[in-house]
Amino acid sequence: IGSDSGKSTADVNGKFVFFQLLIDCLLRLKSTDKDTKELIKHCEKVYEGNNFELRNLREFKKNYSPDKVLWWYTRQSFFFKTLNTVLRTENIHMIFLFRAFISDIQRQLKKYQAKHSLRVYRGQVISKSELKALQQCCDQFISVNSFFSTSTDDEQASVFLNV
């Protein structure tokens with residue numbers, strides 16, 4: 001929101017539509033082992049010297065399965081950090097490499113989707129400018145370029161505020 005708050009609605013909507021179409025197209029593409037290997041290699045470079053994350057990467061390579069994607073995503077590990085950064089920064093090449101995992105997340109979320117409305121909470125620290133931009137968006141749609149983790153427990157959500 002912060003970087004787009006000064007742009008026209010057409011610019012922001014165009015960017016939103018482009019990103020949605022990009023994700024939709026990438027999810028339709030078949031992923032390959034080569035893509036996964038390139039993604040792992042990239043993560044190994046990023047986390048070089050970080051034994052904790054390199055251990056997580058080895059475990060990921062050995063044990064990952066599509067039905068465990070939400071388990072991997074909810075861990076505080078390279079997978080969560082890297083995927084969220086890639087989505088937030090709209091790094092198209094890296095999104096391309098993550099497409100199989102994004103697809104796995106989408107399938108798992110659909111599988112567990114609630115049949116009725118739920119009240120959920122999210123705790124997140126944002127800047128004053130981001131808050132102001134959100135306040136100016138009342139009664140409008142807001143787009144988030146990452147998976148939005150929530151909780152039905154407001155106290156659990158407040159843990160993420162680190163207050």
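For the stretch 13-64, the share of alpha carbon pairs falling in successive 10 Å distance bins from zero is 21, 33, 28, 17, 1 percent.
Within 10 Å of each residue's Cβ, count the other Cβ atoms and sort H116, H93, H42 from fewest upward. Each step should come with its number before you reach the end.
Numbers: H116 4, H93 10, H42 15.
Listing H116, H93, H42 from fewest to most nearby Cβ atoms yields H116, H93, H42.
Across the chain, where is the longest run that never hits GluC sites (Glu not before Pro) in a DSSP loop with at most 14 other C-beta atoms within 10 Å? The longest uninterrupted stretch comes out as 91-163.
Loop only by DSSP, 11 or fewer other Cβ within 10 Å of the Cβ. Give me the chymotrypsin sites (Phe, Trp or Tyr not before Pro) in the stretch 13-114 that pass, ordered by residue number. All intermediate terms of the calculation are to be shown ahead of the outcome.
On the way: sites: F16, F18, F19, Y47, F52, F60, Y64, W71, W72, Y73, F78, F79, F80, F96, F98, F101, Y112; in loops: Y47, Y64, Y112.
Passing both the DSSP loop test and the Cβ count: Y112.
In debye to the nearest 20, how big a dipole does the chain give about its Cα centre with +1 on each Lys and Arg Cβ and -1 on each Asp and Glu Cβ? Walk me through the numbers before you get to the answer.
Details: 25 positive and 18 negative charges, 95 e Å.
With only Lys, Arg, Asp and Glu charged at Cβ, the dipole is about 460 debye.
Between 0 and 90 degrees, the angle of helix 92-111 with respect to the longest Cα principal axis of the chain falls at about 80 degrees. Loop-located trypsin sites (Lys or Arg not before Pro) in the stretch 29-135 (DSSP state other than H, G, I, E, B) with a sparse environment of at most 11 neighbouring Cβ atoms within 10 Å: K30, K115, R119.
A viscosity of 0.890 mPa s and a temperature of 25 °C, combined with the Kirkwood radius over C-alpha pairs in the Stokes-Einstein formula, give the stretch 115-163 a diffusion coefficient of 196 µm²/s. Under Stokes-Einstein, with the Kirkwood radius over Cα pairs as Rh, the value for the chain at 20 °C and 1.002 mPa s is 120 µm²/s. Relative to the longest principal axis of the Cα atoms of the chain, the long axis of helix 9-28 makes an angle of roughly 30 degrees. Between the helical axis of 78-89 and the longest alpha-carbon principal axis of the chain there is an angle of about 40 degrees.
Going by how many other Cβ atoms sit within 10 Å of their own, how do I142, I92, I102 line up, fewest first? Don't skip to the end; give the middle numbers.
On the way: I142 9, I92 12, I102 20.
Placing the least packed residue first, the sequence is I142, I92, I102.
Bear in mind that the values in this text are calculations on the coordinates, not laboratory data. Every value quoted in this text rests on a predicted model; they were computed, and no experiment measured them. Reconstructed Cβ throughout: ideal geometry from the backbone, glycine too, with neighbour counts over all protein chains shown.
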